[in-house]
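**Q** The structure's right below; bear with me while I get my questions together.
Quick note: the coordinates plus some simple rules give every number you see, no bench work behind them. These numbers were taken from a predicted model, which means no experiment stands behind them.
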Amino acid sequence: MSEYSVIPMVLAAVLVLQVECVQRVNNGGCGQQLCGDVIIEYPFGIGPNCSWDNDYYAVSCDNSSLPHRNPKPILTKFNLELIEVQSSPRGDGYGGQIAVKMPGIKVCSANDEIQWNSLDLSRSPFWFDESQNALVSVGCHGSASLYERQGHRIGGCSSTCNPPGQVIDGCNGYYCCQFQDMSGVTKEYIMGVTSGASNGSAGN
């Protein structure tokens with residue numbers, strides 16, 4: 001018999017951001033643009049004078065992975081890959097939401113704790129969508145917590161793998177847990193990951 005230890009990992013693969021409504025103006029005739037499989041809609045744009053401004057709404061198209069992968073749209077200000085852009089007219093302006101790919105946090109040793117600061121959106125036209133984001137932890141005997149910028153704990157979840165060997169669909173606490181109440185998290189947060197040793201027996 002041999003001892004084994006399973007360490008949890010937290011995934012924050014996709015983050016949904018709401019986009020502030022901006023005034024409808026001429027975007028230089030750029031129209032709807034395409035980068036890879038992602039349609040880039042105003043107020044976002046690729047190239048000079050194609051976006052609402054050349055700061056937060058500017059997008060670059062990364063072709064460095066060709067020919068093995070499609071080009072990737074990058075939200076230039078934060079250097080994050082855009083997964084989806086949804087823009088719609090709102091009164092005399094445009095608003096909507098975007099989805100960006102986020103790096104995950106990985107805990108590689110037992111009884112360890114890692115904290116990670118989110119994007120700081122305090123001066124940006126974006127905010128975290130309270131209903132479409134969730135904190136997810138994948139792994140055994142660990143916990144994930146969400147904190148306000150000042151350090152107050154908002155909530156979190158814990159996962160277990162006891163008894164071992166089960167196969168359970170969904171993310172309900174066995175090997176995977178999620179915390180979905182993101183109310184009040186709009187511009188910045190801190191994510192904490194704590195691992196616990198999972199000691200058991202495995203047959204050779």
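**Q** Using θ = phi - 60° and the Karplus relation 6.51 cos²θ - 1.76 cosθ + 1.60, list the HN-Hα couplings for region 54-66 in order, rounded to whole Hz, with x at every Gly or Pro.
**A** So the J values, rounded to whole Hz, are 9, 10, 6, 9, 6, 10, 10, 10, 7, 9, 5, 8, 5.
**Q** I've got another one for you. Report ³J(HN,Hα) in whole Hz for each residue of region 173-189, in order, from the Karplus equation J = 6.51 cos²θ - 1.76 cosθ + 1.60 where θ = phi - 60°; Gly and Pro get x.
**A** Karplus-based 3J(HN,Hα) across region 173-189 equals x, 9, 6, 8, 9, 9, 10, 10, 7, 9, 4, x, 8, 10, 10, 6, 8 Hz.
**Q** Pop out the ³J(HN,Hα) list for region 34-44 in order, Karplus 6.51 cos²θ - 1.76 cosθ + 1.60 with θ = phi - 60°, rounded to Hz; leave Gly and Pro as x.
**A** Each residue of region 34-44 in turn: 10, 10, x, 9, 9, 7, 9, 10, 4, x, 7 Hz.
**Q** Would you mind checking the pairs LYS72/LYS101; LYS72/LYS187; LYS77/LYS106; LYS106/LYS187 and listing those with alpha carbons more than 21 angstrom apart?
**A** Violating the 21 Å limit, Cα to Cα: LYS72/LYS187; LYS77/LYS106; LYS106/LYS187.
**Q** Still on this structure, I have one more. Which whole-percent values make up P(r) of region 16-101 when all C-alpha to C-alpha distances are grouped in 10 Å steps starting at zero?
**A** 19, 54, 23, 4, 0
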